[in-house]
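The structure appears below as structure tokens.
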């Protein structure tokens, strides 16, 4: 399995376009976070100095959303390209055990998204510290449980969506299908929030966004999204397991 | 050794491979022939697990391909020379495979040199000609020093030098004791390298025999005989069980008797023989004989022309 994962990483990093994309993703997420935190007087109608330190950190962390979307696209395109170029023929001759091959992809993109997520979150955290220092505001500290929870919660988002995107490529046998699926799962809660409270309370808890928001501690108590830590983790795991099982079942039967 | 037992693949409205059973033996080059749509590529893909059989099984040294611990050391396959990411260089492509299989990078360099791509190893594959891609595919197939080598249309796009090189390579691999299964539309190439021939048509096994057996069984193989009295000699040969297909004043076309038998009959009857030649069909003629009427995709124009010729 270790050799397979090393080979999968080579598939990604041998390509100059992938290296540039990942670097762009990191830079853009940082820039977007900075833009959000420096334009609060336009976006929130409040000067940055009127915000709490946590709000500044939150604004910077919005860049992670962009990183998440870009990572979904990257994951879907990277894997679907293996099918469209027929390189999958060669890959499966070397690793004919499709369960192992699928698991190798999941682990590779788990590791990649974890690394990217950590980098992006650290950069957003440092950027917010810089902005707080420049504006003579109290800096956020990792000793604060709420800050730690928020950062860890935000960090889970790109990792989770990268994994379900891997599964979705195999499930829909299409990069576009996988992107639509992952972005759909991300965006549907916003649509549900347009409906009545009872509908929200029924539907929102089944979407991963509720779990991620709950893990980050940004959900108001009593709202439709509110879940406990264990329930949140179970929900994310359930999504990963269900999509992976369906994808793997389809991949096993698929003629290449 | 590859053992195929009752292998069947049904697609929605078509049986691509129909109850196929055969053994790919070590130490010989086996030519895998069949008209378009005969099921050759489907069979090859089922051997390496890219296509799931509807029925039957393929065993490699007694195991399913998917269950092999280091499959690349058992089977090396070139199924499609285009099955590469054109953005990778030749070296990167082989390095990916070597890494996944735990093969040293030194072996990658060795293979690049062997297939003649060492000078262009750092070029993107997208810039390669079809022949260069085929060479890379062959390097991929041989990277793990496999016991069995499967090559699907390996001559496609190769130049004269490449064809000559591949002929030698396949024979050399067989001499090393490897099983070599080569599918090709180029009959002359298969005739030049294969000792054994497997023919598929409409998914069914039509022939699985050595080239010699196939030639001997063919109706196109005959003895061309010219004697001092062809009419008399014809009746003498027929008494001994010969089938005379064509006779004119100049020659007899004799089936079912070999040269020695014909010579003895002539001597015993004091008949002088002016000509005794064994006429052997080319593989292409044998192939046409075997697959006549069993091809799925035939040009209508050609069929009409053929009908016209017969009339």
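No value in this document is a laboratory result; all are computed from the given coordinates. Just so we're clear, the structure is a prediction, and the values are computed from it rather than from any experiment. Heads up, the Cβs are rebuilt from the backbone with ideal geometry, glycines too, and the neighbour counts pull from every protein chain shown.
A few remarks follow.
- Extending 7 Å from the Cα toward the beta-carbon at both residue B:64 and residue B:114 defines two label points whose distance is 3.0 nm.
- Computed FRET value (nearest 0.05) for residue B:130 with residue A:242, which takes r as the C-beta separation and R₀ as 60 Å: 0.85
- When its C-alpha radius of gyration is set against 2.2 N^0.38 Å (N residues), chain A gives a value of 1.08.
- Taken over the Cα atoms of the protein assembly as shown, the convex hull encloses 205 Å³ per residue.
- Most fluctuating residue given options B:30, B:140, B:89, as computed from a GNM of chain B linking Cα atoms under 10 Å: B:89
- Principal-axis tilt of helix B:130-142 within chain B, Cα atoms, nearest 10 degrees: 80 degrees
- Between residue A:206 and residue B:10, the distance separating the two model label sites (each 7 Å from Cα on the Cα→Cβ line) works out to 3.6 nm.
- Under 17 Å from the residue A:3 label point (7 Å along Cα→beta-carbon), backbone N, the range B:104-118: B:104-111
- Length-normalised contact order of chain B in % [C-alpha pairs under 8 Å, at least 6 apart]: 21 percent
- Applying 1/(1 + (r/R0)^6) with R0 = 25 Å to the Cβ-Cβ distance of residue A:152 and residue A:221 gives a FRET efficiency near 0.85.
- Residue exposure sequence - A:126, B:252 - by fewest surrounding Cβ within 10 Å: A:126, B:252
- Theoretical FRET efficiency, 1/(1+(r/R0)^6), r = Cβ-Cβ of residue B:122 and residue A:13, R0 22 Å, to 0.05: 0.85
- Once the Cα atoms are used to define both axes, helix B:160-175 deviates from the longest principal axis of chain B by about 90 degrees.
- Neighbour counts of other Cβ atoms within 10 Å put A:213, B:255 in the fewest-to-most order B:255, A:213.
- Spatially, the range A:230-256 and the range A:1-70 are offset by 27 Å when compared through their Cα centroids.
- Modelled label positions at residue A:193 and residue A:126, each set 7 Å beyond Cα in the direction of Cβ, lie 3.1 nm from each other.
- Helix content alone sets the calculated 222 nm mean residue ellipticity of chain B: runs of n ≥ 4 DSSP H residues at -39500 (n - 2.57) each, divided across all residues, give -11000 deg cm²/dmol.
- Principal-axis tilt of helix A:53-84 within chain A, Cα atoms, nearest 10 degrees: 10 degrees
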